[in-house]
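The values are calculated or read from the model by the stated rules, or taken from the named source; none is laboratory data. Predicted, not measured: the structure shown is a model, and the values here were computed from it. Cβ atoms come from the backbone with ideal geometry, glycine included; neighbour counts cover every protein chain shown. We work out accessible area using only protein heavy atoms, side chains counted, and drop any ligands, DNA or RNA first. Shrake-Rupley method; radii C 1.70, N 1.55, O 1.52, S 1.80 Å.
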Amino acid sequence: GDPAGFVQVLDDQHIAIPDRLGNRRIDTFQNVLENPKVGLIFLVPGKTETLRVSGEARIVRDDELRQSMAISGRAPDFAMVVYVESAFMHCPKCMLRSHLWQPDAWPDLIGTPSLAETTVKHANLDLSVEQVQELVDNDARERLY
């Protein structure tokens, strides 16, 4: 995700999505290289309808396109261009049933492990939860774009 408008409509059948810094696992790119068929769902906070897009993706490094997607002076290294085969609005029932946009209906998260706790436990790290939490917090501050 990015600020509203981060997905660029290139023409009647193509959209482009910037590749932002993440966990450096490039899962999406590996999947696209293996099978370029993609399905996307777009959520807008507060809206109950969603937009579903299906098509075929390509990973590109077009400099002009990447520069047009720069935020805070930092352009993405790659972009994913999708040839849109179908696009349609999806009914709001799942959003209404889930109460996704109603914070007072959200479940109590007490006892739910944080990313840091989960990482330390499942990766068998020699770091404390506090140390990993600092890494997570620093990453959010320093590597957003």
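The C-alpha atoms of the chain occupy a region whose extents along the principal axes are 49, 39, 31 Å, arranged from largest to smallest. For the pair ASN138/SER54, report the inter-label distance in nm, with labels modelled 7 Å from Cα in the Cβ direction. Going from the ASN138 label point to the SER54 one covers 4.5 nm.
The simple spin-label model puts a point 7 Å past each Cα toward its Cβ; for ASP77 and GLU34 those points are separated by 2.0 nm. Probing with 1.4 Å while keeping every protein chain in the model, the per residue accessible area of the chain equals 73 Å².
Estimate the FRET efficiency between ASP11 and SER114 by the formula 1/(1 + (r/R0)^6), using the beta-carbon distance for r and 35 Å for R0, to the nearest 0.05. Using R0 = 35 Å, I get an efficiency of 0.25. Here SER68 and GLN102 are evaluated by their C-beta separation; at R0 = 41 Å the FRET efficiency comes out at 0.70.
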